[in-house]
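Structure incoming, see below.
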Amino acid sequence: MFNSTLIPLMVVFPLIAAILVNFLHKKDRSVKTIAIISSIVAVVIPILTLYGVHLFSGHIRTESFPEMSKLLIPDVYMGIVYAYGPLQKILLVLLTIMTVFVIFLSLNKKLISGVYIAMIFISLASVSAIILADDFFNFFVFIEVLTVAQAALVIAVRETKSHKAAFKYMIFGSISGGSILLGIALLLGVYGLLNMTDLSNAIKAGGALQPIALTAISLITIGWLYESGLFPFHVVKSNMYENAMPEVAALLQLQSKVVLVAMSIALLRIFSGYSLLKSVMLGFAIFTVVVGSVMALQQTDLRKLLSFVAVGQAGLVAMGIGLGTSFSISAGIFHAINDVLSMAILFFVAGFIFEAYKTTKVDKIGDALQKIPLVGLVMFLATLAISGVPPFNSYQSELRIIQSAVQAGYAELGVLVILLSVATFVAIIKAFYLIFMRPGSTAEIDPKFKGTMYKTIIVVLIAMCLFIGLFPHVIYDPIYNVIVALGV
Amino acid sequence: MKTSEFEQGRNIIMGVALFLFSFLILRTMYIFSNSIIPGMSHLYNLYSGNIAPNIITVILFDFRGYDTLGETFILITAVITTTMVFGWGSLKGYKKKETPQMTEKSTIIQKLLSFPMSMLLVAFGVTVILGGHITPGGGFPGGSVIATGYFLSVVIYGLKKTPLRFTHKFLVNLSTIGALIFLLTGVVGLVFSAYYHGTGYYLYNTGVDPYQIINVGAFGWDNILDYPDPTHPGVIPYLNIGVGFNVLAGLSLIAMFLMEAKKDE
């Protein structure tokens with residue numbers, strides 16, 4: 001029973017939950033119950049499901065279609081296909097666990113509505129679909145759903161700045177969505193296929209890329225830059241992180257990085273023979289790393305600072321993928337997972353500080369270590385983790401990225417990675433010092449606020465970081481095997 | 001360099017980039033028609049006759065049915081986002097506004113004609129939805145036609161006096177029902193094919209059973225999902241109805257929020 005049958009439920013189940021909580025938007029207790037139960041079930045489904053391929057509507061693969069001129073390759077998938085393997089499993093388990101944490105934190109607040117929780121569920125479902133999809137058009141459809149749902153999560157804060165950020169995000173989203181769609185349409189025109197596996201086979205069978213396919217690649221790459229929040233779009237993305245509630249910002253950066261990984265793998269799989277694509281990815285990644293870390297150093301608001309750090313780290317992930325060897329790609333994906341965890345801790349700490357002090361401006365808060373020592377300790381450890389200090393997880397992945405850069409012949413990129421780690425450490429440790437150790441605070445702590453849920457979750461997450469740092473092979477080896485098997 | 005000079009330079013770079021990019025796209029479009037391969041479209045045209053007469057609907061709701069589910073959710077998400085802009089479901093709570101008193105601007109002719117016209121539009125929309133599997137149309141166009149009828153009567157008579165009155169709750173319920181029809185029809189396909197075949201297929205057309213993997217009618221109750229129609233299109237009309245409910249409710253909801261917001265300017 002637990003074969004490929006369960007694969008679509010990873011998307012459909014959160015969608016049903018979203019519809020139900022949206023319907024019961026006012027009834028607090030029922031919304032809470034449904035949200036908690038469904039989010040826990042959403043974690044269980046990817047764990048129970050076996051690896052396999054799901055054919056939607058039961059449409060099978062054609063077997064040796066006779067008219068080659070109309071199809072390029074003899075057998076293709078007729079319907080939409082989802083593929084579920086070890087890499088998808090790791091990403092989905094990470095995604096669902098983090099979403100559970102965010103839902104738990106959000107439900108603890110006053111004035112939370114079912115509509116807001118519904119948007120979290122819809123974004124969960126669409127990122128799951130993006131991870132699973134082996135079909136380019138389905139991939140695009142859920143990217144659109146994700147863009148709108150993320151904008152809704154920011155709009156819900158209901159401040160002028162958040163409305164502005166979401167509006168900008170939607171405008172750029174329409175441009176990038178349009179360019180992805182046009183790219184897919186061009187590919188469908190010249191190869192007649194939408195399935196990624198078939199498309200990759202057809203392109204390999206056809207020899208050199210057609211000039212139209214080159215235009216398609218450039219259009220899809222624009223969409224890739226936007227969805228992952230890389231260089232020209234980094235301001236739009238960091239604006240979104242900064243204006244969302246901090247715990248939702250943790251979710252948004254997670255979703256962006258997962259989409260970055262999923263979309264890069266899709267692009268590399270389809271256009272594996274086209275090496276310029278990797279160079280373009282690498283170039284934009286380097287720009288993002290530099291710009292993200294420099295802008296993070298200038299900020300005086302904790303949320304804004306973390307937003308730019310998150311963007312810079314996304315650049316590091318893209319750099320690993322853009323280097324283009326199996327080793328570097330798996331190191332990049334491994335870094336995405338590590339970075340998502342430690343970045344989430346920092347955003348949750350920002351959320352705690354925002355709830356306790358009603359502000360995250362670092363020059364207003366001080367002396368917090370005496371009042372909230374546990375949060376301070378965890379933030380210090382998370383700062384070490386994100387800057388790549390052993391024994392935490394990012395050390396393992398950054399080391400691998402540097403090694404792969406040197407192996408690929410780009411030793412200077414290794415230096416850039418080290419500089420990024422230093423800049424990240426300086427930026428966050430400055431905020432840590434100002435908030436937790438500097439004497440004299442102008443903002444008062446809310447004496448009623450306990451934040452037990454925040455404390456539990458950040459302790460669990462830092463333990464996860466430590467675990468991955470000590471036993472990196474649990475996560476890294478399956479990723480490496482998948483990437484080698486894909487042969488990108 | 002002054003800021004203005006800097007901006008000027010940036011504009012020139014942007015202009016050149018835009019020109020080059022548009023040239024690239026237009027050039028691609030120009031040579032595009034010479035290198036089109038039919039591919040999937042040819043396959044779909046070959047096989048969809050087995051399922052329902054209208055090939056476009058078969059592609060939309062059977063071969064690519066799951067994409068259509070995604071598109072429905074784009075609409076749902078967009079509607080919820082729009083209502084969130086007006087404060088519904090936001091983190092600061094939602095205060096129901098007084099329905100604004102419409103100023104009497106409609107002329108007699110408008111008042112006399114718009115009610116029958118909106119009734120006609122609603123009836124036409126229902127036909128378009130129900131005939132989606134045999135004639136051009138389906139849930140998306142039909143739902144929008146009904147929503148147009150609602151919008152017409154609301155614009156002419158105002159939110160309070162309109163003869164075609166939907167409440168907010170009704171529209172939310174309708175949208176929920178529409179989405180659930182689509183989602184659960186898919187689950188039914190999954191469960192039935194898993195029961196008979198071992199491997200489940202989401203959105204499997206249990207009414208038509210194109211691959212003969214389920215034993216339709218073995219229990220008497222398991223072909224309830226075949227739409228009672230001589231063409232036997234299976235679940236496709238039900239999916240059309242679900243999408244129709246959704247589109248009609250979503251667009252009407254946006255119209256309602258826009259009318260309520262009119263007072264604030």
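Quick note: the coordinates plus some simple rules give every number you see, no bench work behind them. Please read all numbers here as calculations on a predicted model, not as lab measurements. Reconstructed Cβ throughout: ideal geometry from the backbone, glycine too, with neighbour counts over all protein chains shown.
Given the rule -39500 (n - 2.57) for each run of at least 4 DSSP H residues, summed and divided by the residues of the protein assembly as shown, what is its mean residue ellipticity at 222 nm, to the nearest 500 deg cm²/dmol? Before the final figure, lay out the partial values.
Details: 28 runs with 526 residues, N = 753.
Computed ellipticity for the protein assembly as shown at 222 nm equals -24000 deg cm²/dmol.
Still on this structure, please answer the following. Using r as the Cβ-Cβ distance of A:I445 and A:V389, and R0 as 22 Å, what FRET efficiency do you calculate, to the nearest 0.05?
On the way: r = 29 Å, r/R0 = 1.32.
E(calc), rounded to 0.05, equals 0.15.
How much FRET efficiency would the formula 1/(1 + (r/R0)^6) give for B:R165 and B:T107, where r is the Cβ-Cβ distance and R0 is 30 Å, rounded to 0.05? List each step's numbers first, then the result.
On the way: r = 22 Å, r/R0 = 0.73.
About 0.85, to the nearest 0.05.
Evaluate the relative contact order of chain A (contact order divided by residue number), counting alpha-carbon pairs under 8 angstrom at least 6 apart; express in whole percent. Walk me through the numbers on the way to the answer.
Values: 797 pairs, mean separation 62.9, N = 488.
Value for chain A: 13 percent.
Enumerate the helices in chain B for which the Kyte-Doolittle hydropathy averages -1.0 or more and the C-alpha atoms extend at least 15 Å along the helix's axis, using complete DSSP H runs. Please report the intermediate quantities before stating the final value.
Working: long enough: B:3-32 (43 Å, 0.96); B:65-85 (30 Å, 1.08); B:108-130 (34 Å, 1.94); B:139-161 (28 Å, 0.88); B:168-197 (43 Å, 1.33); B:236-261 (37 Å, 1.55).
Passing helices, by number: B:3-32, B:65-85, B:108-130, B:139-161, B:168-197, B:236-261.
Now for a separate question. For A:A408, what is the net charge nearby, where nearby means another residue's Cβ is under 15 Å from its Cβ and Lys, Arg count +1, Asp, Glu -1? Please report the intermediate quantities before stating the final value.
On the way: positive: A:K278, A:R400; negative: A:E412.
Neighbourhood net charge equals +1.
So, one more: Counting other Cβ atoms within 10 Å of each Cβ, which GluC sites (Glu not before Pro) in segment A:388-488 have at most 15 and sit in a DSSP loop? Walk me through the intermediate numbers first.
Details: sites: A:E398, A:E412, A:E444; in loops: A:E444.
For GluC sites (Glu not before Pro) across segment A:388-488 that sit outside H, G, I, E and B with at most 15 neighbouring Cβ atoms in 10 Å, the list reads A:E444.
Right, another one. What list do you get for B:H133, A:H25 if you sort them by fewest beta carbons within 10 Å?
On the way: B:H133 24, A:H25 19.
Going from sparsest to densest Cβ surroundings: A:H25, B:H133.
What number of lysine-lysine pairs in segment A:271-488 show an alpha-carbon separation below 25 angstrom, given a sequence spacing of 8 or more or placement on distinct chains?
26
Then there is this: Hey, got the average number of other protein chain Cβ atoms within 10 angstrom for residues in B:190-203?
Values: counts 9, 1, 0, 3, 5, 0, 0, 2, 3, 7, 10, 11, 13, 8.
Per residue, the number of nearby Cβ atoms from other chains is 5 on average.
Considering every residue in A:51-57, what mean count of other chain Cβ atoms within 10 Å of its Cβ is obtained?
On the way: counts 0, 1, 0, 6, 4, 14, 18.
Whole-number average of other-chain Cβ neighbours for A:51-57 is 6.
Under the rule a/c < 1.5 gives rounded, and otherwise a/b versus b/c splits prolate from oblate, where does segment A:412-488 land using the Cα gyration tensor? It would help to have the intermediate numbers written out before the result.
Numbers: a/c = 3.90, a/b = 1.68, b/c = 2.32.
Verdict is oblate for segment A:412-488.
Could I ask something else about it? What is the packing order of peptides A:120-130, A:385-395, taking the mean over residues of other C-beta atoms within 10 Å and listing the highest first?
Those peptides, ordered most packed to least, come out A:120-130, A:385-395.
A further question on this structure: How would B:R165, A:R269 line up from fewest to most surrounding beta-carbon atoms within 10 angstrom? Display every interim value, and only then the final one.
Details: B:R165 13, A:R269 16.
In increasing order of surrounding Cβ atoms, one gets B:R165, A:R269.
Could you go through segment A:185-199 in sequence order and give the Karplus-derived ³J(HN,Hα) for each residue, using 6.51 cos²θ - 1.76 cosθ + 1.60 with θ = phi - 60°, rounded to whole Hz, and x for Gly and Pro?
Here the 3J(HN,Hα) series is 4, 5, 4, 4, x, 7, 10, x, 9, 10, 6, 5, 4, 5, 4 Hz.
Also, quick follow-up: Which value in nm describes the separation of the simple spin-label points at A:L48 and B:Y195, placed 7 Å from the Cα toward the beta carbon?
Modelled inter-label distance: 1.8 nm.
Here's a follow-up. Mind checking segment A:1-31 for trypsin sites (Lys or Arg not before Pro) that DSSP puts in a loop (not H, G, I, E or B) and that have at most 12 other Cβ atoms within 10 Å?
Working: sites: A:K26, A:K27, A:R29; in loops: A:K26, A:K27.
Taking segment A:1-31 and a limit of 12 other Cβ atoms within 10 Å, the loop trypsin sites (Lys or Arg not before Pro) found are A:K26.
What does the charge add up to near A:I180, with Lys and Arg as +1, Asp and Glu as -1, over the other residues with Cβ less than 10 Å from its Cβ? Please list the in-between numbers first.
On the way: positive: none; negative: A:E144, A:E227.
With Lys, Arg at +1 and Asp, Glu at -1, the net is -2.
Under a Cβ-only charge scheme (Lys and Arg +1, Asp and Glu -1), can you give me the dipole magnitude of chain B about the Cα centre, in debye to the nearest 20? Before the final figure, lay out each step's value.
Working: 16 positive and 14 negative charges, 232 e Å.
In total the dipole reaches around 1120 debye.
Hey, another quick one. Would you mind ranking A:M170, A:M10 so that the residue whose beta carbon has the fewest other beta carbons within 10 Å leads the list?
Working: A:M170 20, A:M10 25.
Taking fewest neighbouring Cβ atoms as first place, the list is A:M170, A:M10.
Pop out the ³J(HN,Hα) list for segment A:396-402 in order, Karplus 6.51 cos²θ - 1.76 cosθ + 1.60 with θ = phi - 60°, rounded to Hz; leave Gly and Pro as x.
Each residue's phi maps through the Karplus curve to give 4, 7, 5, 4, 5, 5, 5 Hz.
For segment A:271-488, calculate the relative contact order in percent as a whole number, restricting contacts to Cα pairs under 8 Å that are 6 or more residues apart.
Values: 330 pairs, mean separation 59.6, N = 218.
Computed over segment A:271-488, the figure is 27 percent.
With a sphere of radius 12 Å drawn around the Cβ of B:A52, what net charge do the other residues whose Cβ falls strictly inside it have (Lys, Arg +1; Asp, Glu -1)? Spell out each step's value before the answer.
On the way: positive: none; negative: B:D62, B:D226, B:D229.
Around B:A52, the charge tally is -3.
Next up: Which shape class, rounded, prolate or oblate, goes with the protein assembly as shown when its Cα gyration tensor gives a ≥ b ≥ c as root eigenvalues, a/c under 1.5 marks rounded, and past that a/b bigger than b/c marks prolate?
Numbers: a/c = 1.59, a/b = 1.22, b/c = 1.30.
Here the protein assembly as shown falls in the oblate category.
Sticking with this structure for a sec: Modelling each spin label as a point 7 Å along the Cα-to-Cβ direction, I'd like the A:K364/A:L466 distance in nm, to one decimal.
For A:K364 paired with A:L466, the spin-label model returns 3.4 nm.
Another question about this same structure. Round to the nearest 10 and give me the degree value, 0 to 90, for the angle of helix A:9-23's Cα axis relative to the longest principal axis of chain A.
The answer is roughly 50 degrees.
So how tilted is helix A:452-470 from the main axis of chain A? Cα-based, degrees 0 to 90, rounded to 10.
With rounding to tens, the tilt is 50 degrees.
Let me ask another. Which FRET efficiency, nearest 0.05, do B:L20 and A:R158 yield, Cβ-Cβ r, R0 51 Å? Could the numbers behind the result be given before it?
Numbers: r = 41 Å, r/R0 = 0.81.
Result of the calculation: an efficiency of 0.80.
Using 20 Å as the cut-off for backbone N distance, which residues of segment A:140-156 belong to the label zone defined by a point 7 Å from the Cα of A:F167 along Cα→Cβ?
In segment A:140-156, the label zone of A:F167 (backbone N under 20 Å from the point 7 Å along Cα→Cβ) covers A:147-156.
Separate question: Shape call for chain B from the C-alpha gyration tensor, a ≥ b ≥ c root eigenvalues: rounded (a/c under 1.5), prolate (a/b greater than b/c) or oblate?
Working: a/c = 1.95, a/b = 1.18, b/c = 1.66.
Taking the square roots of the gyration eigenvalues as a ≥ b ≥ c, chain B is oblate.
To the nearest 10 degrees, how steep is helix A:326-357 against the longest Cα principal axis of chain A, on a 0 to 90 scale?
30 degrees
Under 17 Å from the 7 Å Cα→Cβ point of B:I56, by amide nitrogen: which residues of segment B:123-157?
Within reach of a label on B:I56: B:125-146.
With a cap of 13 neighbouring Cβ atoms within 10 Å, and only residues DSSP puts in a loop, list the trypsin sites (Lys or Arg not before Pro) found in segment A:81-126.
A:K109, A:K110
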